[in-house]
Amino acid sequence: MILNRKSVELLAPAGTWDALEAAVEAGADAVYLGGKRFNMRMHRNKDTNFDDEMLKKAVEYTHAHGVSLYITLNNLISVEEIEPLKEYLAYLNEIKPDAILVQDFAVLEIVKEMGLDIPLHTSVMMNTHNEHAIKKLKEYGITRIVVGREMTLSELSLFKERTGLEIEYFMHGDMCISESGQCIHSGVLFGQSGNRGRCLKPCRWPYKLIDEDTNEVLDEEKYRLALKDMCMYRNIPELIQAGVFSFKIEGRMRPADFVRRIVATYRKAIDAYIEDPLSFKVNEDDWKDLYENRARDFTTTFALGQPTAQDIGMDGTREPRFFSNAVEEPGFQDDILNAERPINKENTSRRLSVQVSDMASLKEACANGADAVYLSGEVFRPKRPWSLKEIKEAISIAHSQKVQLFVMTPRTTMRRECGELEQFLTALNSFADRPDGILVSNLGALKLVQDNTGLPVQADFSFNLFNHMSARFMKKNGITMATASLEMSFEQLRNLVEASELPIEVIIHGSYESMICDHNLPAMVLPYNHLANPEFNDRHYAMLDRANQVHPLRMDQFGRDHVLFAKDLCYYSYLDKYNGVASFRIEAKDYAPEFVGQVTKLYRNALDKLANGEKFVDEKAFADMQEKSPRQLGVGVYRFRQSQDALK
């Protein structure tokens, strides 16, 4: 690869006009910024972000200086925001930015329907982490991928080679410890979703590490999710040679002086490497200036390998701002939900689905009234993944009781998982008695299933379905049913179900995850060696926050930690609100088999009584279920009238 000034792009943030000018003057090749609507920095809308007129001026200003301008439109959109979104997109099409960054599939669908010609980049929030997803996104005009932060440079290099698209990579600034787009902690707890630009950063709270079964404190209170800031300044050669085109600096809320310093420092280093790669060396004076003016300490996160405790700001001393404090999760009774109007959509189905992770639980679900069972794609240790032999047996058991069986794909499918999934799907497709469908977790998994089987496909909650236009996108791409986002208020769910052309499934009971992390969180502070004591990962750990809420940690077969909410979802008393929902789902993969049967029976009886117009709540059975539940019950995000919007 022969390098020149156009080989890479230095991409700078801007939240104000002063920062925009500073970025351009310091040598940025491109700038990204957000409008007053539909972007991921809505919590500072009063003093940052650009109104429509300023967006137009920003395009004109950057283009006059030979600099590209990208506008962020990278949050989830609710049904009531679709019409304002269309107006906004039409305006952006007029002012001609060089691209917009998107997360929600609704934007892809609307751009295509309206015949707009705005170049599209996927935001990191779309969590694009495999080449198979790219094949689908290319059909919608995507020209650049902002890859997930969990991708190493070696994986990124192969990704670039196989997709042929431009790769954008975060090289400096604030990082999330959760996989992008897969953290719902703030949205559920505060009604302010990180996927909608309003994150209150529960990852920056202190937590104790405890043994979940005994409550023994294993490690003192630490800021164990507080990832340090990304800094690739000392690794610019590795970034360029890996095939990264756009070097992205995070920091749209930063002042102009900060932007100017960071951009100028990286500009100088990139130019020096391009001019003479063999003699390149880090300018230690520039490094000292960069380091001494840092906010948090620095890390290279996954770029050069698996992060360790050294990459976490455990003591919290350099955390520049705490957006929130730990609070108790909402309980079960809720006046707001009681007052809500029921969903008004004709649907005679009261399908009950149950996700299970072992054979005994599958048998309990089938025996107690499930219409469909889902075999977990990720299984929490010490349980082990489903084998092909077990899946054959599970299909036979389910079908003998006239229960549908669906196989789930893992939530994260990077190169390793895709290779395994392709082989798995080929084997599955050869079964004499095949499953009734596949529940997929992302676009790449969807593409793999469609390429390797003829089975029906449903979409899991990791798609972050928030509106009917995204549902239309899914339907057009072969999905037969989709699971609603867990961050939607009931009102927003009602709007989705009533407007959707696609059948919608809703999770109405069970344990659920606030975030998924590609880290072994307990191993960061406790003695662990994967060769010496692999049983370490079979133990159930948990994090205890300052509101005395216990967040269980569950490790899957791929080594990822799933952080559960302290309370399980339960909408049993509100089932009459859900008329028109295509499927009622119980998340039971973290339950003991006997309890799986008990919960399934409770909901089966209630749904049958609803269908007959009878009183559906069995107070005695409900009280017994609550007593035996491994965790307390709550209504999650439904305590809020809505997940705060992206319009102001």
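Laboratory data are not the source of any read-out in this text; all were calculated from the coordinates shown. The structure displayed is predicted, hence computed values, not measured ones. Positions of Cβ are generated from backbone atoms using ideal geometry, with glycine treated the same way; all protein chains shown enter the neighbour counts.
Pairs from the list 138/383; 363/567; 363/383 with a Cα-Cα gap above 28 Å: 138/383. Descending by average beta-carbon neighbour count within 10 Å, the peptides 569-578, 304-313, 582-591 line up as 582-591, 569-578, 304-313, the highest first. Sequence-ordered 3J(HN,Hα) estimates for region 303-316 from the Karplus curve with 6.51, -1.76 and 1.60 and θ = phi - 60° stand at 3, 10, x, 5, x, 10, 4, 5, 8, 10, x, 4, 8, x Hz, glycine and proline given as x. Helix 415-429 and the longest principal axis of the Cα set of the chain meet at an angle near 30°.
Looking at the square roots a ≥ b ≥ c of the eigenvalues of the Cα gyration tensor of region 1-146, which shape do they give, rounded for a/c under 1.5, prolate if a/b is larger than b/c, or oblate?
In terms of gyration-tensor shape, oblate.
Database remark: amide H of residue 128 closer than 5 angstrom to the amide H of 148 (H placed geometrically; neighbours at sequence offset of 5 or more, or on other chains; Pro and chain starts carry no H).
Per-residue 3J(HN,Hα) values for region 293-300, derived from phi via the Karplus relation 6.51 cos²θ - 1.76 cosθ + 1.60 with θ = phi - 60°, read 9, 6, 8, 8, 6, 9, 8, 9 Hz in sequence order (x marks Gly and Pro). Estimated translational diffusion coefficient (Stokes-Einstein, Kirkwood radius over Cα pairs, 37 °C, 0.692 mPa s) of region 490-643: 185 µm² per second. For region 244-322, place one equal point scatterer on every Cα, skip the solvent, and apply the Debye formula. What is log10 of I(q)/I(0) at q = 0.19, 0.20 Å⁻¹? Normalising to I(0) and taking log10 leaves -1.11, -1.19.
How far is helix 17-26 tilted, in degrees, relative to the longest principal axis of the Cα atoms in the chain, given as a value from 0 to 90 rounded to the nearest 10? It works out to around 60 degrees. A straight Cα-to-Cα reach below 14 Å connects residue 615 with the aspartates and glutamates 576, residues fewer than 8 places away in its own chain not being considered. For the peptides 517-527, 454-464, the ranking by mean Cβ contacts within 10 Å, running from highest to lowest, is 454-464, 517-527. Rg and Dmax of region 245-374, both derived from C-alpha coordinates alone, stand at 26.9, 72 Å.
Using the rule -39500 (n - 2.57) for each DSSP H run of four or more residues, divided by the residues of the chain, the 222 nm mean residue ellipticity is -9500 deg cm²/dmol.
In this structure, the amide hydrogen of residue 68, modeled 1.01 Å from its nitrogen in the peptide plane, lies closer than 5 angstrom to those of 30, 31, counting only residues at least 5 positions away or on a different chain. Site pair residue 18 and residue 341 shows an inter-label distance of 4.7 nm when each label is modelled 7 Å from Cα along Cα→Cβ. The Cα atoms of region 87-221 cover 59, 37, 27 Å along the three principal axes, with the biggest extent listed first. The amide H of residue 541, built 1.01 Å from its N in the peptide plane, has 212, 553 as neighbours under 5 Å, considering only residues 5 or more places off or on other chains. Taking the DSSP bridge list for region 496-648 and keeping only pairs wholly inside it, about 65 percent are antiparallel. The alpha carbons of the chain stretch over 72, 58, 50 Å along the principal axes, in descending order.
Between helix 52-64 and the chain there is an angle of about 40 degrees, using the helix long axis and the longest principal axis of the Cα atoms. Please give the Cα centre distance for region 148-215 versus region 431-498, rounded to the nearest Å. So the separation of the two Cα centres works out to 22 Å.
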